[in-house]
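Please read the structure below before turning to the comments.
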Amino acid sequence: MEFLDWAEATPDQRSAVAALLVHGFDLGPATGWPTLGEAETELARFDEPDRRGFLGLAEGAVAGFVGAIRISASLWELHPLVVRPAERGRGFGRALVARLEEAAWEAGAGTLYLGTDDDRGDTNLHGLDLYPDIPSAIDRIEALRPHPLTFYQHLGYTVIGVIPDASGPGKPDILMAKRLDVESETE
């Protein structure tokens, strides 16, 4: 995989990333970016100084994209990560996240966090009223079917919270974070 900074992406590559945001999640209608226009609007924000983005290229074609929003000098939010369905399971997502972690670390970030919704019933938190005991829900969280929760856990991210009903009743956003220490990870 070859990485390309968003600032260096050609108009065709940017269009390919927008299409990937619309079609690459395979989650049905009104999830993520339902239209090309909405995806293009989101991606245009990656030209702002508080955003970073990287394309992953495989044989010259866009295989994935990862972005981040600088929240503060030491805190960045990973948003979004998408990999072309044909490239999943081949290490592209892992490589994109690693490249983003490296860039965040080099810019002085100590923590990278993200939210991953469960609006399809892929974790045991879906459909539940989490407000009565949020800490207990966090302690028992598990993926029932393929869900980004497991992917991020394998990359060293920890569940740090949930936002109940973030995507509608019984559809929580699972918050995860990782302390960045790129130097010790490469030793």
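What is the gain in length, in nm to one decimal, between T111 and A7 on full extension, counting 0.36 nm per residue of separation less the C-alpha to C-alpha distance?
35.1 nm is the gain from fully extending T111 to A7.
The local environment of G60, defined by Cβ-Cβ distances under 12 Å, has a net charge of -3 under the rule Lys, Arg +1 and Asp, Glu -1. When both the range 112-187 and the range 50-70 are represented by their alpha-carbon centers, they are found 23 Å apart. Ordering W6, W33, W76 from the fewest to the most neighbouring beta carbons within 10 Å gives W6, W33, W76. Only Cα pairs under 8 Å and 6+ residues apart enter the sum, and on that basis the relative contact order of the range 41-187 stands at 20 percent. In this rough spin-label picture, where each label sits 7 Å from Cα along the Cβ direction, the H23-D165 distance is 3.7 nm.
Within the set [x] 49, 41, 30; [y] 71, 36, 34; [z] 49, 44, 25, the number that Cα extents along the principal axes in Å takes when calculated for this structure is listed as [x]. Each other residue within a Cβ distance under 10 Å of G127 adds +1 if Lys or Arg and -1 if Asp or Glu, for a net charge of -1. On the basis of the beta-carbon distance and an R0 of 41 Å, R45 and L144 show a calculated FRET efficiency of 0.80. Note on R120 and E59: the extension gain reaches 18.6 nm, defined as 0.36 nm multiplied by sequence separation minus the Cα-Cα distance. Spin-label pair D133-R179: with each label point 7 Å from Cα along the Cα-Cβ axis, the two points sit 2.9 nm from one another. Largest mean-square fluctuation among Y152, Y131, Y113, in a Gaussian network model of the chain whose springs join Cα atoms under 10 Å apart, belongs to Y131. Going by neighbour counts of Cβ atoms within 10 Å, the residues I174, I71 line up, fewest first, as I71, I174.
Couplings 3J(HN,Hα) for the range 53-66, derived from phi with the Karplus relation 6.51 cos²θ - 1.76 cosθ + 1.60 (θ = phi - 60°), are x, 9, 8, x, 10, 10, 6, x, 9, 5, 9, x, 8, 9 Hz, where x marks Gly and Pro. Please say if the range 1-97 is rounded, prolate or oblate, where rounded means a/c under 1.5 for a ≥ b ≥ c the square roots of the C-alpha gyration tensor eigenvalues, and otherwise the choice is prolate for a/b larger than b/c and oblate otherwise? Judged from the Cα gyration tensor, the range 1-97 comes out rounded (a/c under 1.5).
Each value in this text was obtained by applying a stated rule to the coordinates, not by laboratory testing. Predicted, not measured: the structure shown is a model, and the values here were computed from it. For neighbour counting, all protein chains shown are included, and Cβ atoms are generated from backbone atoms with ideal geometry for every residue, glycine included.
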